[in-house]
């Protein structure tokens, strides 16, 4: 089949081609374009603003014959206005109305632009009745989605709405729109949530702009936005301010420039960006998550959330909310960059790209200021709530105090589901700080709070792990020294000293704290008559006991004497040599010809030779075995106190930390 040859029509002949728009396009432009009632009512309210209305009333009836009635007191429409403007799909007021296309008679900047908004009504209703009164004349008509589709199926190019009976019209001034045969699923949410959503779609509501909206006789106000009321810190952009009382929880307000240095002087941004105390405050059951920055142009929503496009994932972004106005996005002299539903923007437009650059610059400044402001505020609140923490801060040196305050402020700001968990966080934070303080790395700890990966790496470091045991060692050693001192002062101490001292050999020598017992050697020594279990036999031999341990190849023999008994040096030497001979014999039978043996005699009263002939005492002990010696109970206490003086110095500090933690 051959196609007819195309020839360019002569200017004098009728046009050869014609482009038609079928009525079924309304399904795409209106009926299926809008997804929620708030977006639909936004178009009606914008039309009322453009009609210089002062009041817009919305009545929602949820009965069996559900309907939505919207009335404004604007200038209204004549029949000519209805046919050539309202019913003309795609009527572009800003370009086609030479007198009031861009500014109304009151001087308002016109919101409407594409001429498609009225079609949005079909997305929630199948029947629309419109009444309008102007110059003393009232007119009304009814549009049916069913009949539009029927006309489309019949390939009709024109749809004729049904006229309403003039005697039943009740509008005297302005315009009234009644939506019938409501799609019930589109009536959600309730009127309370709807007020909040509409409040977030307009910045011109209120006395300042002489424009009021009511829903079921309750006014829509800036309080319905639910964002400013939760803001803790606020940054005003350009020449902006907020109404008095709009932010009751506000602690600090600052100002930021409203444009970039290289911008045209007519490109300006107004509005505000704020942060809340806790991210969960931005969860709103009526309007969804308020962790967003909405963009307005000419007083109405232009972009639902631009924060998604500039979010760098840093912690502060979870606390952000705000609204900005950038009228240059909807400038009359440039292309329209709003999508058909006027809730998003064509993202490749230079104006939008510049707005993103401006926001990134502003948020960078906010990030730096927010950390300092938040830490001050959180710290003040924590000190008031937990006096024990304040006491801990004051107990620290100034350098550490600043780090500790930053740590607690950061912990206080972390988002947690349960506030009770925060007390546990404080406790572990204090302990971690003290551990890191030992190795001088508290700053590293504080800097990485909120970064789990890095924080775990720090805390799992071997040095940090060893430092974490420091507190337990302090407590353990102090308790042992206190118990040993108590036993020495007890009249019946000799019955307990053997077991206690042998379980804590580090009291004799710090190098012996890992000494282990030898069941085989103790058994052989018992067989040889060195270790005697029978108390009567012990008394006859004039001693309390002998104990035996090994440590890294060394054989340690400890002989304890009654604290009040006067001991002779020759008796100690004889006993010591007997022990050494027996141990050598046992070890030689096992193949060890030169065992390393050390004997320690623990006595109460000094030997006479210790004062009048110390050289003899030293030589006598060497004759028993190299390293053998005599120690006194009082010396053990003093030596332990000196050896662990550092632990004692830390004791008071640890006790204070325990008290602080117990109070949280």
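Can you pull out the residues in region 235-260 that are in contact with a helix residue (DSSP H, G or I) (Cβ under 8 Å, 6 or more places away or on another chain), within 19 Å of residue 326 (Cα to Cα) and buried (at least 20 other Cβ atoms within 10 Å of the Cβ)?
235, 237
If you take the residues in region 601-619 that are surrounded by 14 or more Cβ atoms within 10 Å (Cβ to Cβ) and in contact with a helix residue (DSSP H, G or I) (Cβ under 6 Å, 6 or more places away or on another chain), which one is nearest to residue 633 (Cα to Cα)?
So the residue we want is 604.
Being farther than 23 Å from residue 613 by Cα, touching a helix residue (DSSP H, G or I) at 6+ places or on another chain (Cβ under 9 Å) and without any contact (Cβ under 8 Å) to a residue 40 or more places away in the chain is the filter here, so list the residues in region 562-584 that pass it.
The answer is none; no residue qualifies.
Working only within region 60-77, note down all residues that are surrounded by fewer than 16 Cβ atoms within 10 Å (Cβ to Cβ) and at pLDDT below 95.
Of everything in region 60-77, those that are surrounded by fewer than 16 Cβ atoms within 10 Å (Cβ to Cβ) and at pLDDT below 95 turn out to be 61, 62, 63, 64, 65.
In region 32-42, which residue that is surrounded by 19 or more Cβ atoms within 10 Å (Cβ to Cβ) and farther than 16 Å from residue 196 by Cα is modelled with the lowest pLDDT?
That would be 33.
Considering region 558-577 alone, what residues qualify as being more than 13 Å from residue 633 (Cα to Cα) and out of contact with any strand residue (DSSP E or B) (no Cβ under 6 Å at 6 or more places or on another chain)?
Once the filter is applied, which keeps residues that are more than 13 Å from residue 633 (Cα to Cα) and out of contact with any strand residue (DSSP E or B) (no Cβ under 6 Å at 6 or more places or on another chain), region 558-577 yields 566, 568, 569, 570, 571, 573, 574, 575, 577.
Give the residues of region 306-331 that are surrounded by fewer than 17 Cβ atoms within 10 Å (Cβ to Cβ) and modelled with pLDDT of 85 or more, sorted by residue number.
308, 309, 318, 331
Is it the case that some residue within region 208-220 is crowded, with 20+ Cβ neighbours inside 10 Å and more than 27 Å from residue 53 (Cα to Cα)?
No, region 208-220 contains no residue that is crowded, with 20+ Cβ neighbours inside 10 Å and more than 27 Å from residue 53 (Cα to Cα).
Can you tell which of 140, 190 is in the same structural domain as residue 87 (by TED's automatic domain parsing), out of contact with any helix residue (DSSP H, G or I) (no Cβ under 7 Å at 6 or more places or on another chain) and surrounded by 20 or more Cβ atoms within 10 Å (Cβ to Cβ)?
140
With out of contact with any strand residue (DSSP E or B) (no Cβ under 9 Å at 6 or more places or on another chain) and outside any strand (DSSP E or B) as the only criterion, which of 196, 265 stands out?
Residue meeting the stated conditions: 265.
Within region 586-630, how many residues are touching a residue at least 40 places away in the same chain (Cβ under 8 Å) and more than 17 Å from residue 568 (Cβ to Cβ)?
Looking only at that region, the number is 7.
Quick one: would you say residue 197 is touching a residue at least 12 places away in the same chain (Cβ under 8 Å) and outside the structural domain of residue 354 (by TED's automatic domain parsing)?
Judged against the criteria, residue 197 is a match.
Which of the residues belonging to region 250-280 are at pLDDT below 90 and under 25 Å from residue 197 (Cβ atoms)?
Those that are at pLDDT below 90 and under 25 Å from residue 197 (Cβ atoms): 277, 278, 279, 280.
Residues of region 72-103 being in contact with a helix residue (DSSP H, G or I) (Cβ under 8 Å, 6 or more places away or on another chain) and part of a helix (DSSP H, G or I), which ones?
85, 86, 93
Residue by residue, here is whether (1) more than 46 Å from the chain's Cα centre (by Cα); (2) assigned by TED's automatic domain parsing to the domain that holds residue 72; (3) part of a loop (DSSP other than H, G, I, E, B) holds:
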residue: 115; (1), (2), (3): no, yes, yes
residue: 128; (1), (2), (3): yes, yes, no
residue: 147; (1), (2), (3): yes, yes, no
residue: 150; (1), (2), (3): yes, yes, no
residue: 155; (1), (2), (3): yes, yes, yes
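Consider residue 349 against the criteria (1) at negative phi; (2) free of Cβ contacts under 8 Å to residues at least 60 places away in the same chain; (3) under 25 Å from the mean Cα position of the chain (by Cα): it satisfies all of them except one. Which criterion is unmet?
Only one criterion is unmet by residue 349, namely (3).
Of the conditions (1) modelled with pLDDT of 95 or more; (2) not in a strand (DSSP E or B), residue 235 clears all except one; give me its number.
(2)
Please enumerate the residues belonging to region 44-63 that are touching a strand residue (DSSP E or B) at 6+ places or on another chain (Cβ under 6 Å) and under 20 Å from residue 172 (Cβ atoms).
Of everything in region 44-63, those that are touching a strand residue (DSSP E or B) at 6+ places or on another chain (Cβ under 6 Å) and under 20 Å from residue 172 (Cβ atoms) turn out to be 44, 48, 53, 55, 56, 57, 58, 59.
Say whether the condition of being in contact with a strand residue (DSSP E or B) (Cβ under 6 Å, 6 or more places away or on another chain), at pLDDT below 90 and crowded, with 22+ Cβ neighbours inside 10 Å is met by at least one residue in region 109-123.
yes
The values are calculated or read from the model by the stated rules, or taken from the named source; none is laboratory data. Computed from a prediction, not measured in an experiment: that's the story for all the values here. Virtual Cβ from ideal backbone geometry, glycine too; neighbours counted across all protein chains shown.
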